[in-house]
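Novice: I have a structure here, written as structure tokens, and I will follow up with some questions on it.
Just so you know, all these numbers are worked out from the coordinates, no wet-lab data involved. Source: prediction; values computed, not measured. Here Cβ is always computed from backbone atoms with ideal geometry, including for glycine, and neighbour counts include all displayed protein chains.
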Amino acid sequence: MPDQPLTARPQRYQPRLFRSFFQGSFPCSTARRAEGKRLDMVISSGHDMLLDKDYAALAERQLLTARDGARWYLIEKNPGEYDWDTFLPMIHSAERHGMEIIWELAHFGYPDHLNIWKSAFVDHFERFARAMATLMRDEGITHPFFTPINQISFWSWAGADVAWLNPHSAQRGKELKRQLVRASLAAIGAIREVFPDARFVLTDPLVQVATHPANPDSKPWADAQHQAQFEAWDMLAGRQAPELGGHTDNLDIIGLNYYPDNHWFFPDETLAEDHPARLPLHKLLEQYWMRYNRPLLLAETGAEGDARAPWLRKVSDEVTLALNEGVAVEGISLYPVVEYPAWADDRRSPGPLFGLGDPNGNRTLHEALALELRSQQIKMQSRYQER
């Protein structure tokens, strides 16, 4: 019998893009909820008052890369006028503590004087992005990371399909998605005029939508819903709706937000963690890698209560499997890294690494999660050399 050809094992991928593989994501949404209330999670989490302490705490835990946000609604209160008083302290504090920040420009919020459906929204966002990049360059920032618009697909659904948040519309999700893609493309172009080497983390939820065994006829709809998660990235890359101006050069780092309930049967039944139809995370990451061949970042992940440490262990193990298969996963970002009253209903978020600040500005550390984080950092450092 002739010898069978040997299949070469994929080369293990070595993360190298960010200052640290394990990262922290600060809550920074500025959405308006359905009842009109403006959220500002930088304020509600205490991050605005505890900025230095927060960055120092992350640096102490070797979380040297973080996601944080510039609050557009405060910076451009008047059309075309920029007040950087809320943003400059963030730049300076990050530099003092050796933090590398992935800066979000719009996290579900925008100035009150803008109508998101109008072309002027895109024009204002482009000018804001250029002005922000220019400020950062003038402050001595080099090699920056940006997220122009956080979670285009989720925002389109939450804001224009089910009216949870601004612009409080229904059955206009596709329209909003196209508008947010236009704005993202304009911002990317404007930032590259200032920083030709800027990098962009383009975020959206990573999900699995499966066909329920009891309803096999729903498969075409389940498949369509599963494929919809790729639409915004495909538009940015010009693979879909090329009239928006997308191009493959705009598709940089794929930011994936992943939580325990990101698996469901069509249309909306959560898939149990032990259900055989549930695809493991490393297989889902391989799907993204095969589709886009771009670096991947788990830009948000976390679980609640006592599940938070086991969840980090499980996600880290799954990411290790993906790395061993050559998938370019560049990091895992814990969200929320500090506690906040939840954006949807004001309840306290039970999943952070650091709690709300006490009257002296001290945050309680969640010991079990901190110990698991350190364990995973040691494991990762034994395999890879972080920058």
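Novice: Within the range 65-100, list the GluC sites (Glu not before Pro) lying in a DSSP loop whose Cβ has at most 11 other Cβ atoms in a 10 Å radius.
Specialist: Taking the range 65-100 and a limit of 11 other Cβ atoms within 10 Å, the loop GluC sites (Glu not before Pro) found are Glu81.
Novice: Which lysines does Lys174 reach when only Cα atoms under 27 Å apart count, and residues fewer than 8 places away in its own chain are ignored?
Specialist: Straight-line reach from Lys174, under 27 Å: Lys37, Lys118, Lys219.
Novice: Another question about this same structure. Over its Cα atoms, what ratio of radius of gyration to 2.2 N^0.38 Å does the range 8-83 give? Could you put the intermediate results ahead of the total?
Specialist: Values: Rg = 17.5 Å, N = 76, 2.2 N^0.38 = 11.4 Å.
Here the Cα radius of gyration is 1.54 times the empirical estimate.
Novice: OK, next. Write out the trypsin sites (Lys or Arg not before Pro) in the range 64-127 meeting two conditions: DSSP loop, and at most 16 other Cβ atoms within 10 Å of their Cβ.
Specialist: Qualifying residues, ordered by number: Lys77, Lys118.
Novice: Projecting each Cα onto the charge dipole of the chain (Lys/Arg +1, Asp/Glu -1 at the beta carbon, about the Cα centre), which of Trp164, Leu50, Leu296 comes out farthest on the positive side?
Specialist: Ranked along the dipole, the leading option is Leu296.
Novice: Percent antiparallel among DSSP beta bridges with both residues in the chain, to the nearest 5? Walk me through the numbers on the way to the answer.
Specialist: On the way: 8 of 41 bridges.
Taking every DSSP beta bridge within the chain, about 20 percent pair in antiparallel fashion.
Novice: Taking every DSSP beta bridge with both residues inside the range 203-292, roughly what % is antiparallel (nearest 5)? Don't jump to the answer; show the numbers that get you there.
Specialist: Numbers: 2 of 8 bridges.
Expressed as a percentage, antiparallel bridges in the range 203-292 total about 25.
Novice: For Gly331, list long-range residues whose amide hydrogen, built 1.01 Å from N in the peptide plane, is under 5 Å from its own amide hydrogen.
Specialist: Result for Gly331 returns Leu298.
Novice: Moving to a separate point now. Which residues' amide hydrogens lie under 5 Å from the amide hydrogen of Thr147, considering only partners 5 or more residues apart or on another chain, with H built in the peptide plane?
Specialist: Trp103, Glu104, Leu105, Val201
Novice: Another question, then. Distance between Cα centroids, the range 112-137 to the range 42-80: provide it in whole Å.
Specialist: One Cα centre to the other: 20 Å.
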